1. Every residue in the stretch 1-18 that is assigned to a helix (DSSP H, G or I) and in contact (Cβ under 8 Å) with a residue 40 or more places away in the chain, please.
2. Output yes when any residue across the stretch 111-128 is in a helix (DSSP H, G or I) and more than 14 Å from the chain's Cα centre (by Cα), and no when none is.
3. Please verify whether residue 67 is of a type in the set (Gly, Ala, Ser), surrounded by 12 or more Cβ atoms within 10 Å (Cβ to Cβ) and without any contact (Cβ under 8 Å) to a residue 40 or more places away in the chain, treating the condition exactly as stated.
4. Just a yes or no: is a residue in the stretch 90-107 aromatic (Phe, Trp, Tyr), surrounded by 13 or more Cβ atoms within 10 Å (Cβ to Cβ), part of a helix (DSSP H, G or I) and free of Cβ contacts under 8 Å to residues at least 60 places away in the same chain?
5. Tell me whether the stretch 153-175 contains one or more residues that are among the hydroxyl-bearing types (Ser, Thr, Tyr), closer than 23 Å to residue 90 by Cβ, in the same structural domain as residue 99 (by TED's automatic domain parsing) and touching a residue at least 60 places away in the same chain (Cβ under 8 Å).
6. Looking only at the stretch 23-52, filter to residues that are part of a loop (DSSP other than H, G, I, E, B) and hydroxyl-bearing (Ser, Thr, Tyr); which one of those is farthest from residue 73 (Cα to Cα)?
7. Tell me which of these residue 199 doesn't satisfy, since it passes every other one: (1) surrounded by 13 or more Cβ atoms within 10 Å (Cβ to Cβ); (2) closer than 30 Å to residue 91 by Cβ; (3) modelled with pLDDT of 95 or more.
8. It is to be established whether one or more residues within the stretch 135-154 are in a strand (DSSP E or B), in contact with a Phe, Trp or Tyr (Cβ under 8 Å, 6 or more places away or on another chain) and under 17 Å from residue 191 (Cα atoms).
Amino acid sequence: MILHRPLDHIFSARSQVAVLRVLLDSAHGLTGREIARQAGMNHQACIEALTRLETLGLLRRQRGGRAHLFTINRDHELMAKGIVPLLRIEREFREQLKEMLRRKFQGVVLSGAIFGSVARREEAPGSDLDVCLVVASLHAKEKAHTLAQELAPTIWQRYGARLAPVILTRNDLRRRNARRDPLVRNLLREADSFVGGRLTEYLDDQKD
């Protein structure tokens, strides 16, 4: 039993957080091997994490045929009032950010997409939030730049992310694609759209 600073123990290892993420929606329980597979970790590390969380009273273990099944102990005060809601907020984190971007740029840009390390799910604490905005004209480009400047402080305050916009007119995108520009190659490969059409739609000269 840990009553003094239990969060130090709960969040002491990434493997324990990974286990909790996997079990969040499991009502009937999962085996250690199933949890390890879904969490992308080796079986031994998973069992060690499960054991630590069970010792803290956060998980329940029951026999399910020849294997043990693990479920979240939703009666635990920290789990019910803190950890489960926090895991649900984390799950919605990215989509909420995309919705904020969509609301800000809708009607101004033809297409908006996240790219780079965030789109690849490889971001580090110091990574920027790389966003590509494709617009129809130079006037729209200036408007999108102003909106990005307005939004950047809010994104930092609410998500801890530094907004790094790349704003291209439709013609810019076509010309750079024709030159096989590495930036455009990356955009087309990684883009996670949040508003407007897909970037590929604006490479066609008929899309006017």
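The values are calculated or read from the model by the stated rules, or taken from the named source; none is laboratory data. Quick caveat, the model's predicted, so the values are computed rather than measured. With ideal geometry, Cβ positions are generated from the backbone for all residues, glycine too; neighbour counts draw on all protein chains shown.
1. Answer for the stretch 1-18, where residues must be assigned to a helix (DSSP H, G or I) and in contact (Cβ under 8 Å) with a residue 40 or more places away in the chain: 6, 7, 9, 10.
2. No, the stretch 111-128 contains no residue that is in a helix (DSSP H, G or I) and more than 14 Å from the chain's Cα centre (by Cα).
3. Details: of a type in the set (Gly, Ala, Ser): yes; surrounded by 12 or more Cβ atoms within 10 Å (Cβ to Cβ): yes; without any contact (Cβ under 8 Å) to a residue 40 or more places away in the chain: yes.
For residue 67, the condition - of a type in the set (Gly, Ala, Ser), surrounded by 12 or more Cβ atoms within 10 Å (Cβ to Cβ) and without any contact (Cβ under 8 Å) to a residue 40 or more places away in the chain - is met.
4. Taking every residue of the stretch 90-107 in turn, none turns out to be aromatic (Phe, Trp, Tyr), surrounded by 13 or more Cβ atoms within 10 Å (Cβ to Cβ), part of a helix (DSSP H, G or I) and free of Cβ contacts under 8 Å to residues at least 60 places away in the same chain.
5. Residues of the stretch 153-175 among the hydroxyl-bearing types (Ser, Thr, Tyr): 154, 159, 169.
Among the residues that remain, those that are also closer than 23 Å to residue 90 by Cβ are: 154, 159.
The next check asks that each one be in the same structural domain as residue 99 (by TED's automatic domain parsing); those that pass are 154, 159.
Subset that is touching a residue at least 60 places away in the same chain (Cβ under 8 Å): 159.
Among the residues of the stretch 153-175, at least one is among the hydroxyl-bearing types (Ser, Thr, Tyr), closer than 23 Å to residue 90 by Cβ, in the same structural domain as residue 99 (by TED's automatic domain parsing) and touching a residue at least 60 places away in the same chain (Cβ under 8 Å), which makes the answer yes.
6. That would be 31.
7. Just one mismatch for residue 199, condition (3).
8. The answer is no; no qualifying residue exists.
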